[in-house]
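Readers should treat all values here as calculations from the given coordinates under stated rules, not as data from a laboratory. This is a predicted model, so every value here is computed, not measured. Glycine gets a Cβ as well: all are built from the backbone with ideal geometry, and neighbour counts include every protein chain shown.
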Amino acid sequence: MADNKTPAQRSANMRKIRSANTGPELTVRKMLHAMGLRFRLHDKSLPGKPDIVLRRKKTAVFVHGCFWHSHKCSRGRLPKTTSAFWHEKIGGNVKRDRKVRSALRKIGWRTVIVWQCELKDRRRLEARLGKALA
Ligand SMILES: [Zn+2]
């Protein structure tokens, strides 16, 4: 298969591959840990296999890359030249995210989405998570 990705797409791809146990997710985990919260990771027993699961609080935390989950920030906006393939792929992610959230809601779970761009302002993110998980 020909590699017809732009450098930005390629690096987003690399970021995604790395992100399972490093990068934004790890940062959020450390943050929650420092707040004294205990959690499980990638819990397969829940819809969407949430990144971080706080069972006692019945809350699932997802750490989303802005590009991959179409955040309404500058990183989430697709360039005009984006191919149909990428539009479809990311559109599929967004649809799946919505389904997962509603499936969790139906069984009495709350979801908290942490966007990659929020990590730029850690204090603010900490405050938001503190409130959401109080
Ligand atoms: Zn964002």
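Here K131 is the anchor, and the lysines within straight C-alpha reach of less than 23 Å, apart from those fewer than 8 places off in the same chain, are K30, K57, K58, K72, K106, K120.
Largest GNM mean-square fluctuation among H33, H64, H42, using the chain with Cα springs under 10 Å: H33. Of the residues L32, L119, C66, the one whose Cα sits farthest toward the positive end of the charge dipole of the chain, with +1 on the Cβ of Lys and Arg and -1 on the Cβ of Asp and Glu, is L32. The label-point distance for L119 and R56, in a model that sets each label 7 Å from Cα toward Cβ, rounds to 2.7 nm.
If R0 is 25 Å, what FRET efficiency do you get for R128 and T82 from their C-beta distance, rounded to 0.05? Mind showing how you got there, number by number?
On the way: r = 30 Å, r/R0 = 1.20.
Efficiency at R0 = 25 Å is approximately 0.25.
With the simple spin-label model, which puts each label point 7 Å out from Cα in the Cβ direction, the A34 to V94 separation comes to 3.3 nm.
Label-to-label distance for K44 and C73 is 3.2 nm, based on points extended 7 Å past Cα in the beta-carbon direction.
Once backbone amide H atoms are built at 1.01 Å from N, V114 has F62, V63, H64 as its partners under 5 Å, excluding neighbours fewer than 5 places away on the same chain.
Using only the C-alpha atoms of the chain, find the volume of their convex hull and express it per residue in Å³. Walk me through the numbers on the way to the answer.
Values: hull volume 15.9 nm³, N = 134.
Convex hull of Cα atoms, per residue: 119 Å³.
For K49, the aspartates and glutamates whose Cα falls under 20 Å of its own Cα, not counting residues fewer than eight places away in the same chain, are E25, D97.
Helix-only arithmetic for the chain: the sum of -39500 (n - 2.57) across DSSP H runs with n ≥ 4, divided by the residue total, places the mean residue ellipticity at 222 nm at -14000 deg cm²/dmol.
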